[in-house]
Amino acid sequence: MTPKSEAELAQMIKGANAPLRIQGGGTRPIGHAHGDGLETGALAGVTLYEPGALTIVAQAGTPVAEIEKTLAKENQRLAFEPMDHRTLLGTKGEPTIGGVVAANVSGPRRISVGACRDFMLGVRFVDGAGDIIKNGGRVMKNVTGYDLVKLMTGAYGTLGVLTEVSMKVLPDVAAQAMLTLDGLNDTQAIAAMSAGLSSPYEVTGVAHDPQEGKTLFRLEGFPDSIAYRADALTKHLARFGTAATTEDTQLVKDTWIGIRDVGAFAGKDGDVWRISAKPSDAPDLVAKIGPKAVQYDWGGGLIWVLTDPGRNIRTALGDFDGHATLIRGGAEFPTFQPEPPALAAITAGLRAKFDPRGILNPGMMN
């Protein structure tokens with residue numbers, strides 16, 4: 001089913017007598033949702049763009065590439081740099097802005113500007129009863145009652161099918177630079193990344209690749225500012241080694257796209273897990289898993305691991321302050337970290353409210 005309007009979508013959901021599997025561009029087949037396919041790709045187009053107000057409104061099926069092209073004409077961008085899962089998952093199609101919002105997809109810059117959820121201003125969606133609901137608007141201070149904007153961001157279509165999103169955007173930057181430290185082990189790299197993030201030099205990306213033995217720090221802004229901050233950050237990190245500086249903006253962009261999309265794991269056999277944890281815990285967690293490969297992002301708060309197929313790494317991790325999500329692999333265990341009983345009860349209550357028949361992406365979060 002491919003509705004061509006919000007009203008048609010509402011009628012489809014209202015008349016559905018079987019589960020529905022919600023899909024945008026089909027680039028992120030994560031989770032175990034089942035049911036008849038419902039694609040939102042025909043609900044596309046930028047409906048409002050106000051560069052002066054740093055606001056864009058688009059239908060959920062609008063390709064992210066179209067959003068970025070529209071913003072680039074005004075030297076603006078989606079600052080949270082959403083990941084493109086096609087590289088890692090080997091999928092086709094076009095990522096849509098609705099899919100990004102539904103999964104709260106956020107890239108390396110999350111540590112400095114926030115996640116997708118932090119840029120959301122408003123949503124329109126159709127709930128499991130077929131009712132059209134609107135929440136939020138085009139400014140930040142407009143929330144009354146339930147903040148459905150934040151609730152829908154990251155709900156993976158289990159509470160409603162997004163039809164339109166309103167987002168805050170930010171100006172693009174004039175230049176980028178990157179500092180590289182070589183030869184640090186995981187513990188040293190976490191310490192170095194923490195030092196960079198806690199410095200006053202406005203680091204917008206920090207990552208560590210143990211396979212390459214490189215720890216990376218990204219700086220963005222005006223060239224003169226970057227030059228000053230790069231020099232100051234080099235001195236600040238001197239106890240970890242001598243950092244090499246790259247000022248080739250295109251090279252830096254390409255490097256961080258690779259980090260954002262976990263390009264190092266593309267085409268390699270094995271399951272891929274995404275672990276969110278405290279940076280200080282990261283080296284010990286990785287040691288418990290013993291993965292085939294690992295990549296640290298967000299200063300160590302985001303850990304990507306490549307493992308042998310069919311391993312449930314949650315068994316090795318045990319109880320820890322964070323969660324592990326299976327991004328690429330088999331279906332023999334839950335994709336998402338099982339929720340504690342109290343949180344699971346709240347989640348079930350929300351789903352009963354917004355999708356009383358349980359037809360929207362059933363099985364997705366199991």
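Throughout, read-outs are computed from the coordinates displayed, never taken from laboratory work. Since the model is a prediction, treat every value here as computed from it, not as a measurement. Virtual Cβ from ideal backbone geometry, glycine too; neighbours counted across all protein chains shown.
Would you please give the residues with an amide H less than 5 Å from that of Ile327, counting only those at least 5 places away or on a separate chain, with H modeled from the backbone geometry?
Val272, Trp273, Arg274
Take each of the peptides 51-58, 315-322, average the number of other beta-carbon atoms within 10 Å over its residues, and list them starting from the highest.
Details: 51-58: 17.6, 315-322: 12.6.
Highest mean packing first, the order is 51-58, 315-322.
Please report the projected area of the chain's Cα convex hull averaged over all directions, in nm².
17.8
Calculate, for Ser194 and Asp172, the FRET efficiency according to 1/(1 + (r/R0)^6) with r their C-beta to C-beta distance and R0 30 Å; round to the nearest 0.05.
Calculated transfer efficiency: 0.60.
How high is the FRET efficiency between Lys14 and Lys278 when r is their beta carbon distance and R₀ equals 45 Å, given to the nearest 0.05?
0.50
Got a sec to turn the phi values of the range 162-175 into Karplus ³J(HN,Hα) couplings, 6.51 cos²θ - 1.76 cosθ + 1.60 with θ = phi - 60°, whole Hz, x for Gly and Pro?
Each residue of the range 162-175 in turn: 5, 10, 8, 10, 10, 9, 8, 10, 10, x, 6, 9, 6, 7 Hz.
How many nm separate the modelled label positions at Leu48 and Gln250, each set 7 Å beyond the Cα in the direction of the Cβ?
Each label point lies 7 Å from its Cα, and together they span 3.8 nm.
Can you work out the FRET efficiency for the pair Phe320 and Asn185, with r the C-beta to C-beta distance and R0 = 22 Å, to the nearest 0.05? Working shown, then result.
Values: r = 21 Å, r/R0 = 0.94.
Step by step, r from the Cβ atoms, then E = 0.60.
With +1 assigned to the C-beta of every Lys and Arg and -1 to the C-beta of every Asp and Glu, and no other charges, what is the dipole magnitude of the range 303-364 about the Cα centre in debye, to the nearest 20?
Rounded to the nearest 20 debye, it is 240 debye.
Find the relative contact order for the chain and round it to a whole percent, using C-alpha pairs within less than 8 Å whose residues are 6+ positions apart.
Relative contact order, the chain: 19 percent.
Calculate the dipole size of the chain relative to its Cα centre from +1 charges on Lys and Arg beta carbons and -1 charges on Asp and Glu beta carbons; express the result in debye to the nearest 20.
The calculated dipole for the chain is roughly 560 debye.
What percent antiparallel are the DSSP beta bridges of the chain, to the nearest 5?
Of all bridge pairs located within the chain, approximately 90 percent are antiparallel.
By how many nm would the segment from Ala344 to Phe222 grow when fully extended, if each residue of separation counts as 0.36 nm and the alpha-carbon distance is taken off? Before the final figure, lay out each step's value.
On the way: separation 122, 0.36 × 122 = 43.92 nm, distance 4.65 nm.
That works out to 39.3 nm of additional length.
How would the range 175-260 be classified by its alpha-carbon gyration tensor: rounded, prolate or oblate, with rounded meaning a/c under 1.5 and the a/b versus b/c comparison settling the rest? Kindly include the intermediate steps, with their values, before the conclusion.
Numbers: a/c = 1.82, a/b = 1.21, b/c = 1.50.
Here the range 175-260 falls in the oblate category.
Can you list residues from other chains, or at least 5 along the same chain, whose modelled amide H is less than 5 Å from the amide H of Gly205?
Arg218
Beta carbons within 10 angstrom, averaged per residue: use that to sort the peptides 232-241, 275-284, highest first.
Put in order of decreasing packing, that is 275-284, 232-241.
Give, as a single signed number, the net charge of other residues whose beta carbon lies under 12 Å from the beta carbon of Met83, with Lys and Arg counted +1 and Asp and Glu -1.
+2
Spelling out what I want: for every residue of the range 232-249, take phi, set θ = phi - 60°, compute 6.51 cos²θ - 1.76 cosθ + 1.60 (Karplus), and round to whole Hz; glycine and proline get x.
Each residue's phi maps through the Karplus curve to give 5, 5, 4, 5, 5, 9, 4, 5, 9, x, 8, 7, 8, 10, 10, 10, 7, 4 Hz.
Explain nothing, just compute: Karplus ³J(HN,Hα) = 6.51 cos²θ - 1.76 cosθ + 1.60, θ = phi - 60°, for every residue of the range 11-26 in order, whole Hz, x for Gly and Pro.
Each residue's phi maps through the Karplus curve to give 5, 5, 5, 4, x, 5, 10, 8, x, 10, 9, 7, 9, x, x, x Hz.
Note down the nm distance, to one decimal, between modelled labels 7 Å out along Cα→Cβ at Lys268 and at Glu332.
Output for this residue pair reads 2.2 nm.
Taking H as built 1.01 Å from N, whose amide H comes closer than 5 Å to the amide H of Met83, not counting residues under 5 places away?
Here Ser106, Gly107 satisfy the definition.
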